[in-house]
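Scroll down for the structure; my scribbles are underneath it.
The values are calculated or read from the model by the stated rules, or taken from the named source; none is laboratory data. It should be emphasised that the depicted structure is a prediction, and the values quoted were computed from it without experimental measurement. Every residue, glycine as well, gets a Cβ built from its backbone with ideal geometry; the counts of neighbours run over all protein chains shown.
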Amino acid sequence: MGQAERKKAEEQGEQKAKRSSRNQLVRFLLLFAFFAIALFALFYFWSVAVQRFQEWTASASAWVLGILGFSVQVTGVIYSCPNLAIQIIPECTGLYEMIIFSAVVLAYPALWWKKLVGVSAGVVVLLFLNLVRLLVLALIGMRDAELMEWVHLYLWQMTLILFVVGLFFAWLSWVRGKPQKAAPLPPSPGQPPFCPPPPGSQPPSVPPPQPVERGKKR
């Protein structure tokens, strides 16, 4: 094969690899959009489940505050603390972050059982993180309502986004696993296999080259 043909084959291989990567990216984006829209539509029309989830979030937050010694009363999706009343709306449940994380995991090309493990573990972690968020907001709100609004609108929104991204990359590293080391190449035919010297042994000494006498000119 000439140099021009080799160069042409390399260019075709690069174009094929770029086309394959582009197709995989388009497929991932389409699947992500499909799963995200499907999950959002499911909970939009299944409003009863969302309502129950809001009530459970309010009860769980009140229960944690009660363990800490605060007097808390729960009425549906509202729980009241000293000098503070918090209403749990769908955005306060962490449901949207769970949907986005689940859609990304389901769209990524991996084994289905690994996807199910990722979605289950991610939902549990995000659920726990959301309860911590509500607890922190309640503790701040009982002292400073304006500071609670700022923390709620800016600090915790960015924190939840970073946690969703971090959870996805943690799951991705688990899916890919540790990189395997390349196996050594087999010896060529007729060549004995290479055996490394035992530990502590010295390499064989090589005699110095002998000087070569040149003939004298007459």
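Got at least one residue in region 46-61 being in a helix (DSSP H, G or I) and modelled with pLDDT under 90? So far as region 46-61 goes, yes, one or more of its residues are in a helix (DSSP H, G or I) and modelled with pLDDT under 90.
When region 97-136 is filtered for residues that are of a type in the set (S, T, Y) and touching a residue at least 40 places away in the same chain (Cβ under 8 Å), the ones remaining, listed by number, are S102, Y108. Within region 75-93, can one find any residue that is assigned to a helix (DSSP H, G or I) and out of contact with any helix residue (DSSP H, G or I) (no Cβ under 8 Å at 6 or more places or on another chain)? Yes, region 75-93 has at least one match.
Within region 71-104, can you find the residues that are among the hydroxyl-bearing types (S, T, Y), within 29 Å of F169 (Cα to Cα) and crowded, with 20+ Cβ neighbours inside 10 Å? Once the filter is applied, which keeps residues that are among the hydroxyl-bearing types (S, T, Y), within 29 Å of F169 (Cα to Cα) and crowded, with 20+ Cβ neighbours inside 10 Å, region 71-104 yields T93, S102. Of the set (1) part of a helix (DSSP H, G or I); (2) out of contact with any Leu (no Cβ under 8 Å at 6 or more places or on another chain), all apply to A103 but (2).
Per the conditions (1) free of Cβ contacts under 8 Å to residues at least 60 places away in the same chain; (2) of a type outside the set (D, E, K, R); (3) surrounded by 15 or more Cβ atoms within 10 Å (Cβ to Cβ), the sole criterion not satisfied by V165 is (3).
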